[in-house]
Every structure is written in C-alpha cells, then in structure tokens.
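Structure first, then comments.
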Amino acid sequence: MSTIKYDPSDPNPLRLHLQARRGDIGEYVIVPGDPFRCDLVASFFDESKLISHNREIKIYTGSYKGLSVSVCSTGMGCPSAAIVCEELAQIGAKVLLRTGSGFLLRDDIKEGDIAVTLGSAKYEGTTEFFVPKGYPAIADLDLVTALVKTARKYVEGTDAKVHTGITATVDGFYGETPEFLQKLKDINIMNIEMESSAVITTCQRYGIRGGCICTCGSDDTAKEARKLYESSMERQIRIALDSFVELDRMEKAGEVINIL
C-alpha cells in the first residue's frame, strides 16, 4: 500500500513522514490537525514522551488509565491526513480518532456542542486515489458507541449536547459559498471539516477502527466565542481518551460488534 521503498534488510524501518517506527506509538491514537494541539492532548496523559516532530507532524506517546496511547497531528486537509494515517496503520495503530473543530450546520446544534461522526460525505479528491468514488467513509460502530456513551457522561449537567450525523469533508476552506452550505443543510449534513473522510477511509482499508469527534463552532471569532471553544476542546480531549478506555472495556467484555 506504499510506493516508498524501505531498506529490505531493516525489519522495522523508520517511516518517512512520521519519523517513527513500530513500537514508538500506542494502539490508540488521537489525530488532531494542529501540531500545537498535540502538546495539550499529551498533557492529559498519565505520562508522555515526545517521539518526533517532522514538518506539521508531531507525535507524543504515553499512557492513560493503563492504555498505551499516542497523539499525532495530521496537518490540514486530506492529503496530509492520508499520509499520516497510512504510516500510523503501518506501524501498529489499531484505533485512529480524529479530534478537532467542525463548522456547525444543523439548526439543533449550537457552539460548544459535541459532534460524533457516523460517516463522512466526500467533498474532497484524496480518497479517490485509493478507493472508488462510491466507497463510503463509515466510522467504526464500536468506536462511535464508546464516543457517544462517554460524551453523554461529560455533558451531563451542562448546556452542551451530543449529536451524531454525517460530516462533510471538504478541500477548500474558503470555497464554502452560501449556496454550497445551503445544499449541505438541505441534506441534513451535521458539520463540515477537512480530514475525517481520509482518516476513516484509511482505517477501513487497513481493517482498523477509525472515527471523528468535533467540537462545534461557527465563524464567530469574538473573544467569548473563542473562550467557549477552548474549554469545549479540553472536554473533547477527555472524552476521546475515556472513549478509548470504554472501547477497551467493551472489547474485553465481548461487547463489540466489529471484531478485529
């Protein structure tokens, strides 16, 4: 699944873009877009170690409640995300969870709410290099179940809500015209972002679990809106990590549907 020719005498080569090899990452990996977000995510680990920082890709590995976990940034957009997730799958990742922000679309969603992706509508070109156009990007059912269950616990007693639905993955951040946004609203798209279809499609190709959880935002750049976003992002990180713990419990209890 790669055009990169590694040294055949090396049984565990360093991956070109990650600058990491098998054994450097945990099986559970959070994949935000922003490399600076990795610092924040790693601060929630029980312990962490910086593995590498190459271009927009930054990796920490550590532990969380007994699980071996990592965080690895993908950069912005599907081309970069596809490269990162491909190499993560090659060196042992079993769960890839995109975390980040998504532009809210549905009227029942407000800023600060949590959006869990059921599947991604592909308004991007990257995945067409790997799978046919009709190939769907469907989030892993067991990961979705763990995310929703965990998220509901975290928003209990707050004004925030947890939503599930279809996410639109787009290539052009500044190409979202009012007409395009209205078309997405008309078909009940939940939110818009730029990486989830590449993350999920790569996971499907490799037979590992993939999903996406976003904090809902808008185009409001006011100070109060940014404050709400940042506090919601910290909650999102806790949800992501505890969903890994819940998924591990589900697997050990034989409660998963998708047995990998």
Looking across the range 1-43 at residues that are farther than 30 Å from residue 232 by Cα and among the hydroxyl-bearing types (Ser, Thr, Tyr), the single one that is surrounded by the fewest Cβ atoms within 10 Å (Cβ to Cβ) is 3
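Would you pick out the residues in the range 178-215 that are of a type in the set (D, E, K, R) and out of contact with any Asp or Glu (no Cβ under 7 Å at 6 or more places or on another chain)?
Within the range 178-215, 179, 183, 185, 186, 193, 195, 205 qualify.
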Looking at 146, 160, which is the one that is touching a residue at least 24 places away in the same chain (Cβ under 8 Å) and within 29 Å of residue 206 (Cβ to Cβ)? 146
Condition set of a type in the set (Asp, Glu) and either closer than 12 Å to residue 32 by Cβ or touching a helix residue (DSSP H, G or I) at 6+ places or on another chain (Cβ under 7 Å) (or both), scope the range 44-98, selection surrounded by the fewest Cβ atoms within 10 Å (Cβ to Cβ): answer is 56
List the residue pairs whose Cβ atoms are under 7 Å apart, where the first residue sits in the range 75-88 and is closer than 20 Å to residue 123 by Cβ, the second is outside any helix (DSSP H, G or I) and among the charged types (D, E, K, R), and the two are 6 or more positions apart or on different chains. 75/56; 77/171; 77/195; 78/124; 78/171; 78/195; 80/56; 81/195
Hey, residue 234 hits all of (1) surrounded by fewer than 21 Cβ atoms within 10 Å (Cβ to Cβ); (2) in contact with a strand residue (DSSP E or B) (Cβ under 7 Å, 6 or more places away or on another chain); (3) at pLDDT below 95 but one; which does it fall short on? (2)
Given (1) within 19 Å of the chain's Cα centre (by Cα); (2) over 21 Å from residue 197 (Cα atoms); (3) polar (S, T, N, Q), where does residue 73 come up short, assuming only one miss? (2)
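The values are calculated or read from the model by the stated rules, or taken from the named source; none is laboratory data. Note that the structure is predicted; figures quoted are calculated from it, not measured. Quick reminder, even Gly has a Cβ in these numbers, built from the backbone with ideal geometry, and neighbours come from all protein chains shown.
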